[in-house]
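Structure first, then comments.
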Amino acid sequence: MYHSDEIILAGFGGQGVLSMGQVLSYAAIIDNKETTWMPSYGPEMRGGTANCIVIVSDRRVSSPIITKFDSGIILNQPSMEKFEPAIKKNGFLFYEESTVVYPPTRDDITIIKIAAIHEAELMKKKQVANMIMLGAFLEVKPIVTMDSVLKALKKVLPERHHHLIPLNEQAILRGKELALQQLHLTI
Amino acid sequence: MEREIRLMKGNEAMAEAAIRAGMKAYFGYPITPQSEVMEYLFEQMPKRNFKVLQAESEVAAINMIYGAAGSGARVMTSSSSPGMSLMQEGISYIAAAELPCLLANIVRGGPGLGTIQPSQGDYFQAVKGGGHGDYKLIVLAPNSVQEMADFVFDGFKLAEKFRGPAMILSDGALGQMMEKVALLPEGSLPHTVPAWAATGKPANRPPNVITSLYIEPEKMEMINHTLQAKYKQLQKEEVRYEDYQTEDADIVLTAFGLSSRICQKAVDLAREQGIKAGLLRPITLFPFPEKKIAEIAETAKVFLDVEMNAGQMVEDVRLAVNGKKPVYFKGRMGGIIPSPEEILHEIEQISEQVLSYQN
């Protein structure tokens with residue numbers, strides 16, 4: 001039996017949802033895994049929401065288009081409404097606390113609430129909220145190695161932003177801590 | 001050969017592969033969802049050895065391709081559905097003049113201006129001619145970012161071997177999605193200017209004339225015979241397909257491009273339930289793997305063709321099956337991508353109705 005992780009990442013345009021997915025995908029190929037990154041483009045995107053499906057697998061990914069997900073990383077209310085029902089039973093749902101007004105209610109999945117924007121503001125760089133979310137996800141689902149994630153950041157971030165890599169790394173580590181705290185609260 | 005691994009969008013992978021395949025010039029006009037091709041090429045042009053030109057229209061772009069191909073250069077254009085429609089006249093001329101070139105259609109939902117979402121609605125246009133007259137394109141249908149890159153090399157090779165236009169028929173999703181791609185190195189597809197090219201007449205040979213105009217019908221018929229002989233040879237030598245578990249399959253899905261990826265998942269899901277499903281994916285849409293499908297029709301009980309259109313390739317599947325077995329069709333139109341579960345549902349229904357009835 002092969003292993004595959006199917007993840008939906010969704011939020012507003014500008015929150016870094018697509019690049020968060022790319023970091024995950026790039027880390028996967030550095031780890032010698034198979035991956036697809038499938039963005040939404042077109043009418044949905046023009047309405048202000050952005051999402052991408054990332055699949056990380058031991059073997060060649062069949063369909064890049066899927067409707068049920070092992071995990072969701074959700075950064076706004078419309079995406080929560082759309083994707084909460086699409087998480088598989090026993091799956092994981094990570095969401096950003098301040099942008100999701102009505103928290104998810106399902107009891108057959110693990111829900112992890114992260115105050116990513118608040119934490120990013122404490123770090124004086126609002127843009128790293130996405131990396132805090134990614135860190136939280138990786139703490140619970142270590143599907144790629146941290147080493148590869150750091151290498152992937154270099155590939156995904158344009159060169160003019162490379163001086164921000166240490167800050168992004170810090171954000172990922174902070175996300176991991178927050179997820180750990182949340183998990184203890186849940187259990 | 002050492003390949004370089006990258007994570008790339010299908011459109012970018014195709015553009016990068018074109019540079020590495022020794023493309024000398026690209027002429028095009030932007031249109032969603034394939035604009036990244038020209039964007040990528042423009043970004044790379046100052047650093048590498050090729051030319052890109054944004055024409056004033058698709059009609060101009062394809063005629064620039066005609067001219068540059070006539071001079072023996074390795075050339076390429078790409079567009080998406082409405083833009084590709086505009087190019088059809090020029091493509092017919094290029095086929096008649098027997099010039100190699102590579103075209104890529106990153107198909108979006110139609111008809112009309114349609115939508116920018118992925119579709120396979122241009123199968124007929126690509127495979128059955130598209131422009132006027134009796135000509136064919138060599139049509140390659142990738143289903144991954146890797147193949148978006150690899151088929152650039154294959155497309156140039158086939159176009160040059162058979163002296164005619166080759167097309168990569170893809171769609172908006174394959175163009176926009178990112179996957180791992182292993183790129184061949186630059187210089188791995190050498191090119192020399194062919195003897196027939198119009199490069200300026202030296203004193204010691206007769207002029208090389210590039211034309212598609214032959215007033216005398218006898219001459220025109222001869223040209224047609226030449227073209228048809230090539231298409232026959234292609235059908236004999238260059239058919240490509242991917243066979244996924246059809247050997248013991250009761251129900252065989254047929255699908256190309258993106259649909260075949262979705263069908264592969266549906267086949268896996270069906271197998272988990274004990275339904276013997278398989279998938280035959282034509283890689284070359286022309287030449288079409290008709291022999292292989294006829295062969296499968298001997299052992300399979302039923303076919304299910306899946307496309308993102310109203311049913312186009314299914315006609316060729318039916319011709320190949322030739323009434324031996326029932327051929328069902330499932331399609332979504334207008335830019336909608338079917339889900340694996342939707343296809344699974346179709347497989348379940350057919351297997352309940354047809355397979356249990358037959359047993």
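Here are some notes:
A quick yes/no check of all residues on (1) away from chain A (no Cβ under 14 Å); (2) surrounded by fewer than 23 Cβ atoms within 10 Å (Cβ to Cβ); (3) farther than 19 Å from B:Val152 by Cα:
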position	(1), (2), (3)
B:Gln44	yes, yes, no
B:Ser80	no, no, no
B:Ser85	yes, yes, yes
B:Ile106	no, no, no
B:Leu113	no, yes, yes
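- Of all residues in segment B:329-345 being assigned to a helix (DSSP H, G or I) and either of a type in the set (Gly, Ala, Ser) or surrounded by fewer than 20 Cβ atoms within 10 Å (Cβ to Cβ) (or both), the one that is farthest from the other protein chains (Cβ to nearest Cβ): B:His345
- Among the conditions (1) surrounded by 14 or more Cβ atoms within 10 Å (Cβ to Cβ); (2) acidic (Asp, Glu); (3) farther than 23 Å from A:Ser71 by Cα, A:Glu159 misses just one, which is (1).
Conditions tested, residue by residue: (1) touching a residue at least 40 places away in the same chain (Cβ under 8 Å); (2) in contact with a strand residue (DSSP E or B) (Cβ under 7 Å, 6 or more places away or on another chain).
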| site | (1), (2) |
| --- | --- |
| A:Lys89 | no, no |
| A:Leu93 | no, yes |
| A:Ala115 | yes, no |
| A:Glu119 | yes, no |
| A:Gln127 | yes, no |
| A:Leu134 | yes, no |
| A:Val149 | yes, no |
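- Matching residues, segment B:262-303, being within 14 Å of another protein chain (Cβ to nearest Cβ), in contact (Cβ under 8 Å) with a residue 12 or more places away in the chain and touching a strand residue (DSSP E or B) at 6+ places or on another chain (Cβ under 9 Å): B:Ile262, B:Cys263, B:Gln264, B:Ala266, B:Val267, B:Leu269, B:Ala270, B:Arg271, B:Ala277, B:Gly278, B:Leu279, B:Arg281
- Top-ranked residue of segment B:165-224 - restricted to ones that are assigned to a helix (DSSP H, G or I) and under 27 Å from the mean Cα position of the chain (by Cα), ranked as nearest to the other protein chains (Cβ to nearest Cβ): B:Gln176
- Screening segment B:4-30 for residues that are part of a loop (DSSP other than H, G, I, E, B) and surrounded by 21 or more Cβ atoms within 10 Å (Cβ to Cβ) and picking the one that is nearest to the other protein chains (Cβ to nearest Cβ) gives B:Tyr29.
- Residue list for segment B:270-305, restricted to those being part of a helix (DSSP H, G or I) and surrounded by fewer than 19 Cβ atoms within 10 Å (Cβ to Cβ): B:Arg271, B:Glu272, B:Glu290, B:Lys291, B:Lys292, B:Ala294, B:Glu295, B:Glu298, B:Thr299
- Condition check for A:Ile132: touching an Asp or Glu at 6+ places or on another chain (Cβ under 6 Å), of a type outside the set (Asp, Glu) and closer than 17 Å to A:Val56 by Cα: no
- Test: A:Thr105 is among the hydroxyl-bearing types (Ser, Thr, Tyr), away from chain B (no Cβ under 14 Å), outside any helix (DSSP H, G or I) and touching a residue at least 24 places away in the same chain (Cβ under 8 Å): no
- Among the residues listed as A:Lys154, A:Lys124, the single one being of a type in the set (Lys, Arg), away from chain B (no Cβ under 14 Å) and farther than 16 Å from A:Gly21 by Cβ: A:Lys124
- Any hit, segment B:143-150, residues being more than 14 Å from chain A (Cβ to nearest Cβ) and either in a helix (DSSP H, G or I) or over 17 Å from B:Glu16 (Cβ atoms) (or both): yes
Readers should treat all values here as calculations from the given coordinates under stated rules, not as data from a laboratory. Just so you know, these numbers come straight off a predicted model, no measurement behind them. Note that we place each Cβ from the backbone using ideal geometry, even for glycine, and neighbour counts take in every protein chain shown.
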